[in-house]
Amino acid sequence: MADLNRELADFLRRARAARDPQEAGLADDGRVRRVKGLRREEVALLAGVSTDYYTRLEQGRRIVPSTQVIEAISRALGLDDVGRTHLHDLVSAARTPRVVARSRSAVQRVRPGLRQLLDSLHAHPALVLGRRTEVLAANRMTRALFADFERMPGRERNYARWMLLSDDARDLFVDWETQARNAVESLRLEAGRSPEDRDVIELVGELSVASPEFRQWWSEHQVHQRTFGSKRLVHPVVGELTVEYETFVLPGDNEQALYLYTTEPGSASREAISILASWSQPVREPESESSDS
């Protein structure tokens with residue numbers, strides 16, 4: 001539980017440092033600010049709790065705030081919906097001590113109907129991500145646009161890992177730093193939900209050793225939830241293009257999400273994705289002629 005309280009304390013400290021006093025509605029009191037963002041007593045004032053209580057919470061002491069206090073602190077820190085969800089996850093993890101050893105979660109599978117849906121999308125890249133940003137399924141267009149995840153060894157079939165450690169990913173994305181940071185912050189959000197998941201712990205450990213960018217961004221304790229957005233690419237076959245994506249959490253399994261990529265009609269990107277679709281079509285062997293005996 002101590003480790004979980006430290007995670008909670010770290011998130012609170014960083015959120016407080018990022019909060020602008022004027023945006024929080026605080027008047028300038030003329031005092032010299034020795035810290036970035038809000039002071040602890042200001043967060044306590046805005047949240048309606050004592051300074052001593054908030055200080056102990058931010059120090060990682062073994063106290064667990066109520067739902068009402070969490071909401072009040074979220075408002076004081078100006079957290080968005082994703083940040084508020086992450087704060088609730090961290091508090092929930094600290095509230096429920098783990099008495100069992102860290103274990104691996106069950107292997108996720110994609111439903112046959114969903115895989116058929118992906119394969120039917122001949123003109124649009126689509127993939128399914130599971131826990132820890134694992135790539136559970138990807139259609140032909142995704143394999144042509146990004147990478148052939150399904151040919152990778154099982155442990156490497158992970159979107160965040162590929163984004164951080166693959167030279168191909170760095171070359172592919174014009175805005176690689178933005179995309180990679182988003183992947184790290186999405187993994188941070190997942191880690192808050194499942195802090196005792198051994199696979200999450202091992203993935204974070206591997207990336208921390210192998211990627212200096214990961215170490216920096218992970219330490220900043222920002223969280224991100226991919227819902228929609230765009231990606232700018234320079235593809236080795238079709239050149240520059242921009243794809244837009246929408247995210248759909250799957251009914252019946254909220255730990256799997258479908259990512260569907262599209263391009264603007266009439267744009268150069270639409271033309272590029274059409275060329276890529278033709279280029280990636282499997283080559284059909286000509287039918288052999290049969291002769292009468």
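Placing +1 at every Lys and Arg Cβ and -1 at every Asp and Glu Cβ, with all other atoms neutral, what dipole size does region 138-197 have around its Cα centre, in debye to the nearest 20?
Working: 10 positive and 12 negative charges, 37 e Å.
The calculation lands at about 180 debye.
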>> Given a 1.4 angstrom probe, what's the average accessible area per residue across region 139-293, in square angstrom?
In response: 55 Å²
>> Let's see if you can work this out: charge +1 on each Lys and Arg Cβ, -1 on each Asp and Glu Cβ, no other charges. What is the dipole magnitude of the chain about its Cα centre, in debye to the nearest 20?
In response: 1460 debye
> Kyte-Doolittle mean at least -1.0 and Cα extent at least 20 Å along the axis: which DSSP H helices of the chain qualify?
Replying inline: 2-18, 81-95, 176-193
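In debye, nearest 20: dipole of region 23-92 around its Cα centre with unit charges on the Cβ of K, R (+) and D, E (-)? Display every interim value, and only then the final one.
Working: 11 positive and 11 negative charges, 76 e Å.
The dipole magnitude comes to about 360 debye.
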>> On the principal axes of its Cα set, how long, how wide and how thick is region 1-154? Give whole Å, largest value first.
In response: 62, 39, 25
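Run the accessible area of region 164-225 with a 1.4 Å probe and give the carbon-and-sulfur part as a rounded percent. All intermediate terms of the calculation are to be shown ahead of the outcome.
Numbers: 1150 of 2640 Å².
The C+S portion of the solvent-accessible surface of region 164-225 is 43 percent.
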> When every alpha-carbon pair in the chain is counted, what percent end up more than 31 Å apart?
Replying inline: 41 percent
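What length, rounded to one decimal in nm, is gained on full extension from Val174 through to Asn254, with 0.36 nm per residue of separation minus their alpha-carbon distance? Walk me through the intermediate numbers first.
Numbers: separation 80, 0.36 × 80 = 28.80 nm, distance 3.08 nm.
Contour length minus Cα-Cα distance gives 25.7 nm.
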> Per the Kirkwood treatment, what hydrodynamic radius in Å, one decimal, follows for region 163-270 from the mean inverse distance over all distinct Cα pairs?
Replying inline: 15.4 Å
>> Normalised by the empirical 2.2 N^0.38 Å for globular proteins, what value does the Cα Rg of region 30-83 take?
In response: 1.16
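Can you tell me the alpha carbon radius of gyration of region 132-179 divided by the globular rule-of-thumb value 2.2 N^0.38 Å? Display every interim value, and only then the final one.
Numbers: Rg = 10.3 Å, N = 48, 2.2 N^0.38 = 9.6 Å.
With N residues counted in region 132-179, Rg over 2.2 N^0.38 Å equals 1.08.
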>> Limiting things to C-alpha atoms, what are the Rg and the maximum Cα-Cα separation (Dmax) for region 105-228, in angstroms?
In response: 14.4, 41
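The values are calculated or read from the model by the stated rules, or taken from the named source; none is laboratory data. It should be emphasised that the depicted structure is a prediction, and the values quoted were computed from it without experimental measurement. Neighbour counts run over all protein chains shown; Cβ positions are idealised from the backbone, glycine included. With ligands, DNA and RNA removed, areas are computed over all heavy atoms of the protein, side chains included. Shrake-Rupley method; radii C 1.70, N 1.55, O 1.52, S 1.80 Å.
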